[in-house]
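Each remark here refers to the structure printed beneath this line.
Where a number appears in this text, it was derived from the coordinates with a stated rule and is not lab data. Worth saying up front: this structure is predicted, and the values here are computed from it rather than measured. Cβ placement follows ideal geometry from the backbone for every residue including glycine, while neighbour counts extend to all protein chains displayed.
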Amino acid sequence: MKVIILGSGTGSNAEAILRAERDGELGQAAVRAVFSDNESAGILSHATNYGKPAHFLSAAPYRTKLDGEAENVWINEIQAMEVDLLVLAGFMRVIKPPFLQAFDKQIINLHPSLLPSFPGLNGIRQAFEYGVKITGCTVHWVNEVVDGGAVIDQALVRVEDDDDLQALASKMHHAEHLLLPSVIRRLSVGDIQFPQ
Ligand code: GRF
């Protein structure tokens, strides 16, 4: 199962995927490349460190979506790679219908809350400020509704009374680093099915 990872930031989840592959824990999945809309994103360095192609593609002039001419470039570059699965790991752009249709039922996203609670930006902070005692992370199929596609799997994170936001974020990332590679592995060996 050929995989690409798309991200805009630190790339700790991409690193967890790449480490799992290196350690033989990613089933039949193989990461072909990492793409970022941010030229200086840490995610690109992680790709290089693990010997994977690291591609910066501009998404200008837009700031929060993939649209217009830039979207066409992204679609063409990724289609040329003939991949099976696109993993959004901290990709900070709204995906629009042309991109969704080009990779129909092939895109998964990681979100740092138990969806459908706390969609959108700052999922960890939203849950912390609400005061929930259990939160977690979600891997879901991507559709036209931001953070709204069918849930694939979730992991729980307990909020202890003495957790501050930073402590909660750290526990969340630990849970994410286990969940996302696990979902990719299970997709690759058929333990989780792609949608029909
Ligand atoms: C993760 O918390 C993920 O849930 C959210 O963005 C963050 C990306 O972190 N969508 P990283 O770049 O993988 O470290």
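Please list, in order along segment 187-195, the HN-Hα scalar couplings obtained from phi with the Karplus expression 6.51 cos²θ - 1.76 cosθ + 1.60 (θ = phi - 60°), rounded to whole Hz, x for Gly and Pro.
4, 6, 9, x, 6, 10, 8, 5, x
Any idea how far apart L165 and Y62 come out in nm if each label point goes 7 Å out from Cα toward Cβ?
So the label points at L165 and Y62 sit 2.8 nm apart.
Per-residue counts of other Cβ atoms within 10 Å, averaged by peptide: what ranking do you get for 181-192, 158-169, highest first?
Packing proxy ranking, top to bottom: 181-192, 158-169.
Pairs of alpha-carbon atoms within less than 8 angstrom and 6+ residues apart define the contacts here; what relative contact order does segment 2-189 have, in percent?
Once divided by the residue count of segment 2-189, the mean separation gives 22 percent.
Could you list S8, S170 in order of exposure, starting from the residue whose Cβ has the fewest other Cβ atoms within 10 Å?
Starting with the residue having the fewest Cβ neighbours, the order is S170, S8.
Can you tally the lysine pairs in segment 2-189 where the Cα-Cα distance is under 18 Å and the two residues are eight or more apart, or on different chains?
Step by step, the pairs that qualify in segment 2-189 add up to 5.
Over segment 124-196, what number does the Rg to Rh ratio reach, with both radii from the alpha-carbon atoms and Rh per Kirkwood?
Using only Cα positions, Rg/Rh for segment 124-196 is 1.04.
Taking Rh as the Kirkwood radius, which is the inverse of the mean 1/r over Cα pairs, what is the Rg/Rh value for the chain?
0.95
Check each of the trypsin sites (Lys or Arg not before Pro) in segment 36-96 and keep only those in coil by DSSP with at most 10 other C-beta atoms within 10 angstrom; list them in order.
Listed in order of number, the matching sites are R63.
From Cα coordinates alone, what are the radius of gyration and Dmax values for segment 26-91 in angstrom?
Here Rg and the maximum Cα pair distance are 12.3, 38 Å.
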